[in-house]
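For reference, the structure is listed below as structure tokens.
The values are calculated or read from the model by the stated rules, or taken from the named source; none is laboratory data. Predicted, not measured: the structure shown is a model, and the values here were computed from it. Backbone-built Cβ (ideal geometry, glycine too); neighbour counts: all protein chains shown. Protein only, heavy atoms only, side chains kept; ligands, DNA and RNA dropped before computing areas. Shrake-Rupley method; radii C 1.70, N 1.55, O 1.52, S 1.80 Å.
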Amino acid sequence: MDPWQMILALGAVFAIWRLILWLLPEPIPALNVDASDVLSVESKQNEENSSFVPGSGSGSQADRVPCYDPATMKYLGSIPVTEPNEVREIVKRAREAQKVWGRSGFNQRRLLLRVLLKYTLEHQELICRVSAKDSGKTMLDATFGEILTTCEKISYLLKEGERVLRPQYRSTGMLMIHKSARVEYHPLGVIGAIVPWNYPFHNIFNPMLAAVFSGNAVVIKVSEHASWSSFFYLRIIQAALKAVGAPADLVHVITGYAETGSALVSSVDKVIFVGSTTVGRKVMETAAKTLTPVTLELGGKDPVIVCEDADLSQVIHMAVRATLQSAGQNCAGAERFYVHESIHDQFVKEIAKIVKSVRVGPPLEKHCDVGAICMPDHAEKLEMLVTDAVQNGAEVVARGTIVSAGFGTGQFFPPTVLINVNHSMRLMQEEIFGPILNIMKFKTDEEAVKLANDSSFGLGSSVFSGSKKRANAIASKLYCGMASINDFGTNYLCQSLPFGGVKESGFGRFAGEEGLRALCVVKAVCEDRIPFVKTSVPKPLQYPVADNAFQFQESLIRMLYGLSWTAKLNGLVDLVKSMSSKKVAGQEHSNGKVE
């Protein structure tokens, strides 16, 4: 066999071996997570309490967080509040765990992600049922908002995370051509995350996955409005940590009110806050005392611009989904629709037809399209905003139907479509966080851009047009953190993209390279590239500097950065002259004078 045949044979054997490894499933530990209490909650509800009034239940409001199903108002139980001194102790334990985990390799970190992904895929229904009980959303909305986005997050980290966190080598420039320069990304330490109630599963897993993969520990404070599910989700994480040999104290979930959150902000190395603008300002105020860096993802008032050449058959269903998913309780939910005047009436007619057929009710009790409003009293606020708009000239053209009869007094609000709205109305300026679809006309693209930018928020946006060039031109003029062309919400599903906004929607980013590296200490490193070549201070620049030090430096700069080879050559000649100057080569110091 000649050498070429041998090489081809070895190559074929190697290719077959790689194919076999690819086809064989990777051995991933299975998790055994106790779900008996969450599975039996229905029977417990009947034993303990048939309905729940916020503020009631076992334990006082101060030391326990009462939990209830917003769709049926049935009592789920109560969770102990994490006191400020307990928060500091938890962060201390997490800090010790992070020292161990920070030295872990990417193989162990990837295994942790695969373990969590396997459990999530095999228990989608269980996870969504628990989320639906705590937040009132439908199973479909839970699958889309909780499972899909979390799996996409894990997939991104598995494919790109190691590359993003590896040292990035940089050009050193002309002056330091003999140097090797790189940027390293090291764990910050303990990340504190304060997350809202609208996506209980994903809001825990989203910051946890990024923090742990980048080598940090994480302490997550969940909302008092969705605390019941958090400890089941924590069990999944703890089981996964144990399965891969990670420190048990690496991830913590805590519950409570403002005092608990304040203690967390002042104890950790970075804070990720997702919530309202009002609370975001308080987080910044507390973080300023310890100079703790923060990422704030706050409110949104996302505009959707629909041009006359848009595909209405696509836009109509996209618009309804963008407004009604999770009962409109989305930070990047569509809250303002600007529709070209030539298609306005047809758009409204089609939207109204769909919304009138929408059924609202307890998603786990019977088939419904839209679930409950999670926060107590928020349905009343939504009705107040609609009433205010109608009193100021708006018109309600469609409302959905609440079908909750016989299932308790749940927190529901019928999907509502309004026209003849304008920017003087509160529902066009304040974040709604509910299933209300507001529609305004526009005549020109310039007017649409002006209306869309007329907001104190700037999170996401969407532009629909038959011309991608036109849609992109409009989107480029919108002052916001994200834009979708002929789509809605895909920015968040694409976990390689940074997520965040401007103005009162906050600052900083999570997700993507920007979000992953934001959880790291960014360290610049420079070292000698060529063996036995060291950086030294040129003689004219050594203290006390020579008389011709300035001429030396000037010649060096002209040699390095001259705009022509002639200029560079002249700089080199002058540099050699300055180096050979007798005042430099033979300088001696006596009584502070150069001789």
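Table for the structure above
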{"item": "Failed item, numbered, when M559 is tested on (1) open to solvent by less than 60 Å² (accessible area, probe 1.4 Å); (2) in a strand (DSSP E or B)", "result": "(2)"}
{"item": "Residues of region 229-256 that turn out to be at pLDDT 95 or above, open to solvent by 10 Å² or more (accessible area, probe 1.4 Å) and not β-branched (V, I, T), as a count", "result": "12"}
{"item": "Residue count for region 422-441, restricted to those that are open to solvent by less than 10 Å² (accessible area, probe 1.4 Å) and over 26 Å from D369 (Cα atoms)", "result": "1"}
{"item": "Residue check for K159: open to solvent by 10 Å² or more (accessible area, probe 1.4 Å) and touching a residue at least 60 places away in the same chain (Cβ under 8 Å)", "result": "no"}
{"item": "Search result, residues across region 495-522 that are open to solvent by 40 Å² or more (accessible area, probe 1.4 Å) and touching a residue at least 40 places away in the same chain (Cβ under 8 Å)", "result": "S496, K503, E504, F507, R509, E513, R517, V521, V522"}
{"item": "Cross-chain or 6+ apart pairs with Cβ under 8 Å, region 2-27 first and among the charged types (D, E, K, R), then at pLDDT 80 or above and open to solvent by less than 100 Å² (accessible area, probe 1.4 Å)", "result": "E26/R114"}
{"item": "One residue from V533, V537 being part of a loop (DSSP other than H, G, I, E, B), open to solvent by less than 80 Å² (accessible area, probe 1.4 Å) and modelled with pLDDT under 95", "result": "V533"}
{"item": "Hey, Y492 assigned to a loop (DSSP other than H, G, I, E, B) and open to solvent by 40 Å² or more (accessible area, probe 1.4 Å) or not", "result": "no"}
{"item": "Residue in region 249-290 that is nearest to G506 (Cα to Cα), counting only those that are of a type in the set (G, A, S) and part of a helix (DSSP H, G or I)", "result": "G280"}
{"item": "Any hit, region 265-276, residues being of a type in the set (S, T, N, Q), open to solvent by 10 Å² or more (accessible area, probe 1.4 Å) and more than 24 Å from R88 (Cα to Cα)", "result": "yes"}
{"item": "Failed item, numbered, when L364 is tested on (1) out of contact with any strand residue (DSSP E or B) (no Cβ under 9 Å at 6 or more places or on another chain); (2) in a helix (DSSP H, G or I)", "result": "(2)"}
{"item": "Test set (1) crowded, with 16+ Cβ neighbours inside 10 Å; (2) at negative phi; (3) at pLDDT below 95 - G136 fails condition number", "result": "(2)"}
{"item": "Search result, residues across region 21-44 that are modelled with pLDDT under 75, loosely packed, with under 11 Cβ neighbours inside 10 Å and part of a helix (DSSP H, G or I)", "result": "L21, W22, L23, S43"}
{"item": "Cross-chain or 6+ apart pairs with Cβ under 7 Å, region 464-476 first and at pLDDT 95 or above and surrounded by 20 or more Cβ atoms within 10 Å (Cβ to Cβ), then among the small types (G, A, S) and outside any helix (DSSP H, G or I)", "result": "F464/A310; S465/A310; A471/S465; A475/S461; A475/A483"}
{"item": "Subset tally (residues that are open to solvent by 20 Å² or more (accessible area, probe 1.4 Å) and in a strand (DSSP E or B)) for region 392-418", "result": "6"}
{"item": "Cross-chain or 6+ apart pairs with Cβ under 6 Å, region 556-568 first and at pLDDT below 95, then in a loop (DSSP other than H, G, I, E, B) and among the small types (G, A, S)", "result": "K568/G562"}
{"item": "Restricting region 194-228 to residues that are part of a strand (DSSP E or B) and open to solvent by 10 Å² or more (accessible area, probe 1.4 Å), the residue that is nearest to A97 (Cα to Cα)", "result": "K221"}
{"item": "When residues of region 336-357 are limited to those that are of a type outside the set (G, A, S), open to solvent by 10 Å² or more (accessible area, probe 1.4 Å) and closer than 24 Å to E383 by Cβ, the one nearest to the chain's Cα centre (by Cα)", "result": "I354"}
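Yes or no, residue by residue, for (1) closer than 30 Å to T143 by Cβ; (2) out of contact with any Cys (no Cβ under 8 Å at 6 or more places or on another chain); (3) crowded, with 22+ Cβ neighbours inside 10 Å; (4) modelled with pLDDT of 95 or more:
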{"site": "N46", "(1), (2), (3), (4)": "yes, yes, no, no"}
{"site": "S56", "(1), (2), (3), (4)": "no, yes, no, no"}
{"site": "S60", "(1), (2), (3), (4)": "no, yes, no, no"}
{"site": "R64", "(1), (2), (3), (4)": "no, yes, no, no"}
{"site": "Y75", "(1), (2), (3), (4)": "yes, no, yes, no"}
{"site": "P84", "(1), (2), (3), (4)": "no, yes, no, yes"}
{"site": "E89", "(1), (2), (3), (4)": "no, yes, no, yes"}
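Conditions (1) touching a Lys or Arg at 6+ places or on another chain (Cβ under 7 Å); (2) touching a residue at least 24 places away in the same chain (Cβ under 8 Å); (3) of a type in the set (A, V, I, L, M, F, W, C), marked per residue:
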| residue | (1), (2), (3) |
| --- | --- |
| L175 | no, yes, yes |
| M208 | no, yes, yes |
| A211 | no, yes, yes |
| V218 | no, yes, yes |
| L234 | no, yes, yes |
| A243 | no, yes, yes |
| D249 | yes, yes, no |
| H252 | no, yes, no |
| Y257 | no, yes, no |
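Yes/no per residue for (1) assigned to a strand (DSSP E or B); (2) surrounded by fewer than 17 Cβ atoms within 10 Å (Cβ to Cβ); (3) in contact with an Asp or Glu (Cβ under 6 Å, 6 or more places away or on another chain); (4) not aliphatic (A, V, I, L, M):
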position: A94; (1), (2), (3), (4): no, no, yes, no
position: R110; (1), (2), (3), (4): no, no, no, yes
position: E125; (1), (2), (3), (4): no, yes, no, yes
position: T150; (1), (2), (3), (4): no, no, no, yes
position: I154; (1), (2), (3), (4): no, no, no, no
position: V164; (1), (2), (3), (4): no, no, yes, no
